[in-house]
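Here's the structure we're looking at; comments come further down.
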Amino acid sequence: MAVRNAAHYEAQLRALLPQGPAWDPERVPELARVLSGISVELARIDSRVIALTAEIDPTRVTELVPDWEAVMGLPDECLGNTPSFGDRQLAVQQRLTAVGSQRVGYFVSIAQGQGYPNATVTQHRAPRFGRARFGKAHFGTWSAQFMWTLNTGGRQRIGRRFGVSYWGERFGVNPANGLECLIQRYAPAQTIVHINYN
């Protein structure tokens, strides 16, 4: 859909004028100023309508981010109280298109989304007849079947470093409250999750 400018609207309004001397722009010069003012406003409204249709799509939303957040229960408490505007746009897109799962790949993708590109999951096995080995320490207990470990695979890409960190933060580490909150939220209810930050 093309955006019409003021000149297009003014030409359209002139074409729609009724016949007669009262509507002749040469005899009534004030009419040209009225048509010019109305055409500028119609062009502004037309551009705002086009912008509004772009706001309907959450992948292109800019102005209605607070409205999308209110509908989707954002900002997410797991991601902190003051996310950047780009993070808020991304959160709206992700919340709308997210499909949950209980598979290993889903939790790895959550960790990768939080900045841990080498994340893996270790699933612990419980003793089973015919597969168990002697010794509890080697194989685990019966409760191990409900445990799994998320290995972050090293430090986060955007780790704290000289000139970027705050007083009191160690170099090379990242606050991982967001990762822990998201993993605990989406983990199956019967499981116990351990996070190994290496």
Problem set entry | Ranked packing of 186-192, 61-67, most packed first, by mean Cβ within 10 Å | 61-67, 186-192
For this session: Return a whole-number percent for the relative contact order of the range 6-56, with Cα pairs under 8 Å and 6 or more residues apart as the contact set.
Result: 48 percent
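Here, each number is a calculation from the coordinates, and none is a lab measurement. Just so we're clear, the structure is a prediction, and the values are computed from it rather than from any experiment. Counting neighbours? That spans all protein chains shown, and the Cβs are built from the backbone with ideal geometry, glycine included.
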